[in-house]
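Enquirer: Below is one structure. I have some questions about it.
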Amino acid sequence: MGASDAHLFLSLVHIFILCFMAKVEALNKTVSGFYVFGDSTVDPGNNNYIETAFRSNFPPYGRDFSNQVPTGRFTNGKLATDYIASYVGLKKEILPPYLDPNLNNIEELMTGVSFASAGSGFDPLTPTITQVEYLRECKKRMEDAVGKQRSENHVKNAVFFVSAGTNDFVLNYFALPVRRKTYTLLAYHHFLIQHVKNFLQDLLAEGAQKIAVSGIPPMGCLPLMITMNSPDALFQRHCIDKYSSIARDFNLLLQNELHQMQLQLNMSNSDAKIYYVDIYQPIADMIQAHEKFGFDEVDSGCCGSGYIEASVLCNKVSDVCPDPSKYLFWDSIHPTENAYHNIFLASLHTIDFIVDN
């Protein structure tokens, strides 16, 4: 590369950086806050403060977080929602858990929190907390601090993100026989979709105008699902497509229902928007082209054997891989920080579209 070529390259890099910074600044002017609902993939530590066995506020969880402090996130570092909160210019590097008793700063509440709880789902049988009730409580706290009109405008310009559903299938339909005895697989899909719609209607009733709903991942590729369903869990560790295809079918049905909800909102002259966020394909891509993404292991987790360990089974006496960034999964269920960052990057176009509209 000659001197002129090098100069041109550096100039282009400089322009890119300026454009990126301008984009973040623009986003900061259009998003008032970021509020998250769902399960362990978006729980930054709410379960630390409730009576539940689904916890991760102990080593080796959080080993790559700042100061290596376990936060209650079910991974070695940040979640995808942490990266989103930082990207949209909310002046926060991580999204705090709403139930943190030290979260008394009204600015923290208004820029965004996560109400998510590990183990949650849409099925009433799935262990859950009333996350919409916490939203109502949060709104009341904001209204008391800044007034009703400002609080309503704030909610109107915030983004609401919902990520759940995997626990409903993995725990309630596959692991336990209760729902299988009552519902065919297709009927269970529709049963869950109705509960998704009910949840979204509750958010709309609270004033949400921008709601993003993620699909579910390729369930057959979760290390735990491979361990439980492979004919030889030690030597045949590959995705079980039977379960991943169920996720694909559910995601298609979900997208269709969200589209129908949007049409109904349009017909009622509502300004509310509902968006679908795909997480299935980014994870599938990381598995299929793992070398391109820098992953050495995609069918087992970094913690312990990587086959079954999660939550309390992944603990301070567990062996841990030397470099979690080479692993797609941190434990037998949850992605690593590196994988979450890749999911965030794959979703940037959707994030920009949601914010700009």
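The values are calculated or read from the model by the stated rules, or taken from the named source; none is laboratory data. Quantities reported herein were computed from a predicted structural model and do not represent experimental measurements. Calculation scope for accessible area: heavy atoms of the full protein, side chains included, ligands and nucleic acids excluded. Shrake-Rupley method; radii C 1.70, N 1.55, O 1.52, S 1.80 Å.
Enquirer: Quick one: which of LYS156/LYS197; LYS181/LYS273; LYS78/LYS326 span more than 25 angstrom between C-alpha atoms?
Expert: Over 25 Å Cα-Cα: LYS181/LYS273.
Enquirer: Here is a further query. So with the 1.4 Å probe, I'd like the accessible area per residue for the chain, rounded to whole Å².
Expert: 47
Enquirer: Okay, next question. Before anything else, pin down the relative contact order of the chain: Cα pairs under 8 Å, at least 6 apart, normalised by residue count, whole percent.
Expert: Answer for the chain is 18 percent.
Enquirer: Can you give the accessible area of ILE240 in Å² (nearest 10), computed on protein heavy atoms with a 1.4 Å probe?
Expert: 30
Enquirer: Ordering TYR280, TYR188 by how much accessible area each has at a 1.4 Å probe, largest first, what is the list?
Expert: TYR280, TYR188
Enquirer: Still on this structure, I have one more. Quick one: what does P(r) look like for the range 224-357 with 10 Å bins over all Cα pairs, in whole %?
Expert: 11, 32, 31, 17, 8, 1
Enquirer: Okay, moving on. When only alpha-carbon atoms count, how far does the range 182-282 stretch along each of its three principal axes, as whole angstroms with the largest first?
Expert: Reported extents, whole Å, longest axis first: 56, 32, 20.
Enquirer: Relative contact order (percent) for the range 210-357, with alpha-carbon contacts under 8 angstrom and 6 or more residues of separation?
Expert: The normalised contact order for the range 210-357 reaches 25 percent.
Enquirer: Work out Dmax and Rg for the chain from the C-alpha atoms and quote the Rg first, both in angstrom.
Expert: Calculated on Cα positions, Rg and Dmax stand at 20.6, 72 Å.
Enquirer: Viscosity 0.692 mPa s, temperature 37 °C: what is the translational diffusion coefficient of the range 280-320 from Stokes-Einstein with a Kirkwood Rh over Cα pairs, rounded to a whole number of µm²/s?
Expert: The diffusion coefficient I find is 289 µm²/s.
Enquirer: Let's test this: bin the Cα-Cα distances of the range 43-194 at 5 Å from zero up to the farthest pair and state each bin's percent.
Expert: Histogramming the range 43-194 at 5 Å steps yields 2, 9, 16, 18, 18, 15, 12, 7, 4, 1, 0 percent.
Enquirer: Mean-square fluctuation check for the chain, GNM, Cα pairs under 10 Å: which of LYS292, LYS326, LYS78 is largest?
Expert: Evaluated over the chain, the most mobile residue of the options is LYS292.
Enquirer: A further question on this structure: So how do HIS238, HIS349, HIS341 rank on accessible area, 1.4 Å probe, biggest first, that is with the largest at the start?
Expert: If we order HIS238, HIS349, HIS341 from most to least accessible, we get HIS349, HIS238, HIS341.
Enquirer: Where the convex hull is taken over the Cα atoms of the range 119-180, what is its projected area averaged over directions, in nm²?
Expert: Average of the hull's projected areas for the range 119-180 equals 4.8 nm².
Enquirer: So, one more: With every protein chain left in place and a probe of 1.4 Å, what is the accessible surface of VAL298, to the nearest 10 Å²?
Expert: Per-residue accessible area (VAL298): approximately 20 Å².
Enquirer: Then there's this: Expressed as a rounded percentage, what relative contact order does the range 170-278 have, with Cα pairs under 8 Å and six or more residues apart?
Expert: 31
Enquirer: Consider all pairwise Cα distances in the range 145-218 and report the whole-number % of them above 15 Å.
Expert: Pairs farther apart than 15 Å: 64 percent.
Enquirer: What whole-number distance in Å separates the alpha-carbon centres of the range 295-328 and the range 53-86?
Expert: Taking the Cα centre of the range 53-86 as reference, the centre of the range 295-328 is 14 Å away.
Enquirer: Okay, helix-only estimate at 222 nm for the chain: each DSSP H run of n ≥ 4 adds -39500 (n - 2.57), divide by all residues, round to 500 deg cm²/dmol; what do you get?
Expert: -13500 deg cm²/dmol
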